[in-house]
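Pasting a structure below so you can have a look.
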Amino acid sequence: MRAVLSAGSNMEDSRAHLASVAQEFAGELVAQSSLYATAPWGGVEQRDFLNQTLIVEVDQTPEELLRRCQALERNARRVRDVRWGPRTLDVDIVDIAGYTSDDPDLTVPHPRARERAFVLVPWLEIEPGARLGGESVAGIVDKLGDEGVRKL
């Protein structure tokens, strides 16, 4: 199963937290974007995030992949006190090829991905022809703008 993951961090050693995601999927990694610095999203005062998008090919169900992503967050001591607040690590499943779900625990494609340049811009770097819900990711970014997403 081919999946697009978005990882972000703005606490502690953000580079190390993001590296832990790539290490977890090392044998299944199809592509990995550069790191991007982005302003926080959601209106909570906090420092900028580092973000990265990864494409992985895993032999798991979507639910198993979700549990694996959540385990990475737990290992990074992620705390969910404030919605869209600071975090050690956030790993979202953005898209899974050939799979859609509106389950509250796993909504695919990610319900807010098309609003988030910090997800889409790194994705375009590694897959210029990417599509999200039948729409060109490049077209979505053209409408959205890059929202200050800066490649490091």
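Is it the case that the stretch 58-66 has a residue that's closer than 15 Å to residue 5 by Cβ, open to solvent by 30 Å² or more (accessible area, probe 1.4 Å) and among the polar types (S, T, N, Q)?
The answer is yes, given that some residue of the stretch 58-66 is closer than 15 Å to residue 5 by Cβ, open to solvent by 30 Å² or more (accessible area, probe 1.4 Å) and among the polar types (S, T, N, Q).
With respect to residue 93, determine if the residue is more than 15 Å from the chain's Cα centre (by Cα), crowded, with 18+ Cβ neighbours inside 10 Å and either β-branched (Val, Ile, Thr) or more than 25 Å from residue 19 (Cβ to Cβ) (or both).
Here the answer is no, as residue 93 does not meet what is asked.
Being within 20 Å of residue 92 (Cα to Cα) and among the basic types (Lys, Arg) is the filter; apply it to the stretch 115-143 and report the residue that is most open to solvent (accessible area, probe 1.4 Å).
The qualifying residue most open to solvent (accessible area, probe 1.4 Å) is 131.
Give the residues of the stretch 48-57 that are closer than 11 Å to residue 2 by Cα and surrounded by 19 or more Cβ atoms within 10 Å (Cβ to Cβ), sorted by residue number. Break it down into steps so the answer makes sense when it comes.
Here is the first cut: in the stretch 48-57, the residues closer than 11 Å to residue 2 by Cα are 54-57.
Once the filter is applied, which keeps residues that are closer than 11 Å to residue 2 by Cα and surrounded by 19 or more Cβ atoms within 10 Å (Cβ to Cβ), the stretch 48-57 yields 54, 55, 56.
Of the residues that sit in the stretch 32-47 and are at pLDDT 95 or above and surrounded by 14 or more Cβ atoms within 10 Å (Cβ to Cβ), which one is farthest from residue 149 (Cα to Cα)?
32
Further question on the same structure: Report yes if residue 26 is of a type outside the set (Phe, Trp, Tyr) and either open to solvent by less than 50 Å² (accessible area, probe 1.4 Å) or at pLDDT below 95 (or both), otherwise no.
No, not satisfied.
Any residue that is among the polar types (S, T, N, Q), under 18 Å from residue 124 (Cβ atoms) and assigned to a loop (DSSP other than H, G, I, E, B) - is there at least one of those in the stretch 32-51?
From the stretch 32-51, those among the polar types (S, T, N, Q) are 32-34, 38, 46, 51; that's our starting set.
Now drop any that are not under 18 Å from residue 124 (Cβ atoms), which leaves 32-34, 38, 51.
Narrowing the set further to residues that are assigned to a loop (DSSP other than H, G, I, E, B) leaves 33-34.
So far as the stretch 32-51 goes, yes, one or more of its residues are among the polar types (S, T, N, Q), under 18 Å from residue 124 (Cβ atoms) and assigned to a loop (DSSP other than H, G, I, E, B).
The values are calculated or read from the model by the stated rules, or taken from the named source; none is laboratory data. The shown structure was predicted, so the numbers you read here are calculated from the model rather than taken from an experiment. Here Cβ is always computed from backbone atoms with ideal geometry, including for glycine, and neighbour counts include all displayed protein chains. Surface accessibility is based on the protein's heavy atoms, side chains included, excluding ligands, DNA and RNA. Shrake-Rupley method; radii C 1.70, N 1.55, O 1.52, S 1.80 Å.
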